[in-house]
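Engineer: Got a structure here, written out as structure tokens. Questions coming.
Here, each number is a calculation from the coordinates, and none is a lab measurement. Since the model is a prediction, treat every value here as computed from it, not as a measurement. Glycine gets a Cβ as well: all are built from the backbone with ideal geometry, and neighbour counts include every protein chain shown.
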Amino acid sequence: MKKTLCLLVLVMALGWIGGGIALAHCEIPCGIYDDKMRVAMLYEHITTVERSMKQVTELSKDPGTNANQLVRWVNNKEQHCSEIQHIVTQYLMTQRIKPAPASDEAAQKLYLSRLSKLHAILLHAMKAKQTTDLHHVEKLRQLVKEFSELYFSEDDLKHLREQHK
């Protein structure tokens, strides 16, 4: 009995510790979505990529002295670009953007516009991984804004604009 109780406590503790590790929404159709939060996360990742790029540029002036920090900032930039890509593909494209009926021309146009913006976000996140060109950060912000305007209602957009002025 004592061993079973210890094992149960250990399993519960590992569950609590490991429970915080899941960073993305699952692919079970649970209906629990927070699209505004995901967009806020995109903006946060973009800001982190921007800061990382600036640090990489600054630290590159003396790479011998700054080698360790330089590697850490490059890795940080890569990680946050990957997070952007993950939210776009695993959350928005596979779970939230539903294909439109072929017979509904307006819905098809909106669907393709949304996919086009998301694809452009993926491309600029990839370019941001490859470079320290801040143009890609600016473009990412612009594209997330444009996607949001295609996706959210006007009330939701007001909330998002207040958060990301």
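Engineer: Give me the number: length gained by fully extending K54 to A40, i.e. 0.36 nm times residue separation minus the C-alpha to C-alpha distance, one decimal in nm. Working shown, then result.
Structural biologist: Working: separation 14, 0.36 × 14 = 5.04 nm, distance 2.14 nm.
Length difference between fully extended and current span is 2.9 nm.
Engineer: How long are the semi-axes of the ellipsoid equivalent to segment 43-82, from square roots of 5 times the Cα gyration tensor eigenvalues, in whole Å, largest first?
Structural biologist: On the way: eigenvalues 76, 18, 5 Å².
After diagonalising the Cα gyration tensor, the semi-axes are 19, 10, 5 Å.
Engineer: Further, regarding this structure: For K61 and K145, FRET efficiency with R0 = 35 Å and r from the beta-carbon atoms, rounded to 0.05?
Structural biologist: Working: r = 33 Å, r/R0 = 0.93.
Computed FRET efficiency for K145 and K61: 0.60.
Engineer: While we're here: Give K77/K145; K77/K139; K54/K139; K54/K127 a once-over and call out the pairs whose C-alpha atoms are over 19 Å from each other. Write out the running numbers ahead of the final one.
Structural biologist: Working: K77/K145 21 Å; K77/K139 16 Å; K54/K139 16 Å; K54/K127 15 Å.
Checking Cα-Cα distances, K77/K145 exceed 19 Å.
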